[in-house]
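Right, one structure below, let's go through it.
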Amino acid sequence: MAGELPTSASSPDRESAPNEKEVIAVPRKGDLHEFRETEGYVIEVSDGDGANASGLKLAEDGHTVLIPQPSDDGNDPLNWSWTRKHLILFAVSWASFLPDYGSATGAVTLIPQAAEWETTPDYVNHSQAGNVFMLGAGGVVVVILSAFFGRLPVVFWFLIVSTATAAWCAEPGNFESFMAARILNGFFSTVCQAGGLMFIKDVFFFHEQARKINIWASFIVISPYVGPLFAAFMTETLHWSKPFWVYFAMNVLGLILVLAFLEETYYDRTIPADQQPARGNRVSRLIGQSQWKSRHLRNTFAQACWRAISVLLKPVVAVACLFYAATFAWAVGINTTLAMFVTPLYGFGPKQVGFFYFTPVVAVVLGESVGHWLHDALAKQYIRSHKGHFEPEVRLRAVLLAMPLVIAGLVLIGQCFENEWHFMVTAVCWGLYVFGMMITTVALSSYCLDSYPEASGEVSAWLNMARTVGGFIVSYFQVTWAEAQGTKQSFGIQAAVCGGAIGFIVVLMVWGKAMRIWAGPLNFTTT
């Protein structure tokens, strides 16, 4: 939170004389961050010397204010090297790739599994739905435990259980055992998918975060398409268990990356460097021994639980989650039921289904590439035109640009299925939807993080919960709905829901700041 700004800084839309210099106060001691609901962020100054005289540290360009302000402690994650930070980002991103990859692998294997267990593919799909639901529910538990125990040990122990249950999925014995394995795997594998924003917030400055979120989110959004892609090729000639053994191997790799590169990134910058708790050795940080000794400096368990609840009570977070649930749910629904649509329609076998999944993979890569500059370009344009000030609602402009593609994609997918259009047309329409949701995911994550930077884990977990719960619900009725009303009508209604959900974004863009001011800050004990 920034120190008191001058009265003129309270409105980013104010007019100022051309030669007027911004005066920025040093963040007050004890503040958790440099953001205030009434003023937003002061991210850029025109007079670097004036900023330095006020005690602010700037980026190498000489005018971008470093938010958060780093300490002089070498153990402060903001002071770590570029290489170390990006190895942490890669480890977190890879671990975030695993949950949906493993979940969506079952979207292809359900047909041979149904044949082996003498049941219907729709019944086997219940294990898929259970897995998807736990991806969201587990995330809320992750951030509660992280606020109490620390980041690193929660990731380490959850990944160990995730790896074990991945092996269980490959050799379950019967459907009941498989369903239990899938539910447990969903709960534990989501650890970095739900809590990834914590690590990004801990090690990267504000002006870097959108691009890092873009990288992390691309691993999440692409993963449910890579899983079926690989699984389809394997199940054509191999037993359905082989894709799950590959998933187990990927979990092992994720565990190795955590062991090698991931660090405890929680750092309380309200405590002087000479009073910081001992970090201990590498093993003690991994298993949580060091963090346990310093737990009195963080949150009590009751405080950790209340953090998660209080964040969802903030209107802008709740509205953002409602929008995400209403728009991303169809991505999960399509992905988990696609084989049941395209197999009879186009006569696809496993290999053809696998090739079909190249479309969303390409769409995510394109979305990441465009988002790499789009989100920063929108932010920089606002900062330049508002005298160095920035408001979180600016992030939502990217959503308005992406939603027409989302709506068009859904409408056309329904037309493709019902009118039996060529599968290449269906692929392009699917790609439009996925591309739009990639842009939207990054914009929403950035908006919620900018609005409540001290609650990086909590906003990440609730957005993840919204995404997965929506998909969990849709996967139960996607096929039966299409059979009852036809894909033209069912997917048209889905597009209409997405169109109506744009109203949530308009509400946030127009009244988001007023809602944040009305709701007040979170006043957490720690970040």
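The values are calculated or read from the model by the stated rules, or taken from the named source; none is laboratory data. Fair warning: this is a prediction, and the values are worked out from it, not measured in the lab. Reconstructed Cβ throughout: ideal geometry from the backbone, glycine too, with neighbour counts over all protein chains shown.
Miscellaneous remarks
- Residue match in region 113-127 (condition: in contact with a Ser or Thr (Cβ under 8 Å, 6 or more places away or on another chain), assigned to a helix (DSSP H, G or I), farther than 19 Å from THR480 by Cα and not basic (Lys, Arg)): no
- Of the candidates ALA377, ALA402, ALA363, ALA398, the single residue that is without any contact (Cβ under 8 Å) to a residue 40 or more places away in the chain and not aromatic (Phe, Trp, Tyr) is ALA377.
- Residue match in region 456-465 (condition: under 27 Å from LEU110 (Cα atoms) and in a helix (DSSP H, G or I)): yes
- Set side by side, the residues SER103, SER127 differ, and just one is touching a Lys or Arg at 6+ places or on another chain (Cβ under 7 Å), surrounded by 20 or more Cβ atoms within 10 Å (Cβ to Cβ) and farther than 30 Å from LEU297 by Cβ, which is SER127.
Conditions (1) farther than 24 Å from ARG84 by Cβ; (2) touching a Leu at 6+ places or on another chain (Cβ under 8 Å), marked per residue:
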{"site": "MET234", "(1), (2)": "yes, no"}
{"site": "LEU238", "(1), (2)": "yes, no"}
{"site": "LYS242", "(1), (2)": "yes, no"}
{"site": "LEU259", "(1), (2)": "no, yes"}
{"site": "ILE271", "(1), (2)": "no, yes"}
{"site": "ILE287", "(1), (2)": "no, no"}
{"site": "GLN303", "(1), (2)": "yes, no"}
{"site": "TRP306", "(1), (2)": "yes, no"}
{"site": "VAL319", "(1), (2)": "yes, yes"}
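- Single residue of VAL191, VAL140 found to be surrounded by fewer than 24 Cβ atoms within 10 Å (Cβ to Cβ), in the same structural domain as GLY227 (by TED's automatic domain parsing) and under 21 Å from the mean Cα position of the chain (by Cα): VAL140
- Residue pairs whose Cβ atoms lie under 7 Å apart, separated by 6 or more positions or on different chains, with the first residue in region 311-326 and assigned by TED's automatic domain parsing to the domain that holds GLY499 and basic (Lys, Arg) and the second assigned to a helix (DSSP H, G or I) and modelled with pLDDT under 95, are LYS314/ALA519.
Matching residues to (1) touching a residue at least 40 places away in the same chain (Cβ under 8 Å); (2) not polar (S, T, N, Q):
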site	(1), (2)
GLY62	no, yes
PRO68	yes, yes
ASP73	yes, yes
LEU87	yes, yes
PHE90	yes, yes
ASP100	yes, yes
THR119	yes, no
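- Test result for LEU238, surrounded by fewer than 24 Cβ atoms within 10 Å (Cβ to Cβ) and either in contact with a His (Cβ under 7 Å, 6 or more places away or on another chain) or more than 25 Å from GLU368 (Cα to Cα) (or both): yes
- Extreme residue, farthest from the chain's Cα centre (by Cα), among residues of region 364-377 that are buried (at least 19 other Cβ atoms within 10 Å of the Cβ) and within 23 Å of VAL506 (Cα to Cα): LEU374
- PHE524 satisfies every condition listed in (1) under 30 Å from PHE417 (Cα atoms); (2) outside the structural domain of ALA443 (by TED's automatic domain parsing); (3) not hydroxyl-bearing (Ser, Thr, Tyr) except (1).
- None of ILE493, ILE413 is assigned to a helix (DSSP H, G or I), more than 17 Å from PRO360 (Cβ to Cβ) and at pLDDT 90 or above except ILE493.
- Of all residues in region 205-219, at least one satisfies being at pLDDT below 95, closer than 20 Å to ALA91 by Cβ and not in a helix (DSSP H, G or I).
- Subset tally (residues that are assigned to a helix (DSSP H, G or I), surrounded by fewer than 19 Cβ atoms within 10 Å (Cβ to Cβ) and among the charged types (D, E, K, R)) for region 160-188: 1
- Residue match in region 285-299 (condition: of a type in the set (Gly, Ala, Ser), part of a helix (DSSP H, G or I) and surrounded by fewer than 21 Cβ atoms within 10 Å (Cβ to Cβ)): no
- Exactly one residue among VAL510, VAL469, VAL497 is under 18 Å from the mean Cα position of the chain (by Cα), surrounded by fewer than 24 Cβ atoms within 10 Å (Cβ to Cβ) and not acidic (Asp, Glu), and that residue is VAL469.
- Any hit, region 223-230, residues being in contact with a Cys (Cβ under 9 Å, 6 or more places away or on another chain) and assigned by TED's automatic domain parsing to the domain that holds ASN464: no
- VAL132 being within 16 Å of the chain's Cα centre (by Cα) and in a helix (DSSP H, G or I): yes
- For GLU236: the one exception among (1) at pLDDT 90 or above; (2) part of a helix (DSSP H, G or I); (3) of a type in the set (Asp, Glu): (1)
- Annotation note: Cβ proximity below 6 Å between a residue of region 464-492 that is outside the structural domain of GLY186 (by TED's automatic domain parsing) and closer than 29 Å to SER445 by Cβ and a residue that is buried (at least 23 other Cβ atoms within 10 Å of the Cβ) and among the β-branched types (Val, Ile, Thr) (sequence gap 6+ or interchain) occurs for no pair.
- Residues located in region 324-363, provided they are assigned to a helix (DSSP H, G or I), crowded, with 24+ Cβ neighbours inside 10 Å and among the aromatic types (Phe, Trp, Tyr): TYR324, PHE328, TRP330
- Those residues of region 417-434 which are more than 20 Å from ALA325 (Cβ to Cβ) and touching a residue at least 24 places away in the same chain (Cβ under 8 Å), in sequence order: PHE417, GLU418, ASN419, GLU420, PHE423, THR426, ALA427, VAL428, TRP430, GLY431, LEU432
- THR105 among the polar types (S, T, N, Q), part of a helix (DSSP H, G or I), out of contact with any Cys (no Cβ under 9 Å at 6 or more places or on another chain) and in the same structural domain as GLY470 (by TED's automatic domain parsing): no
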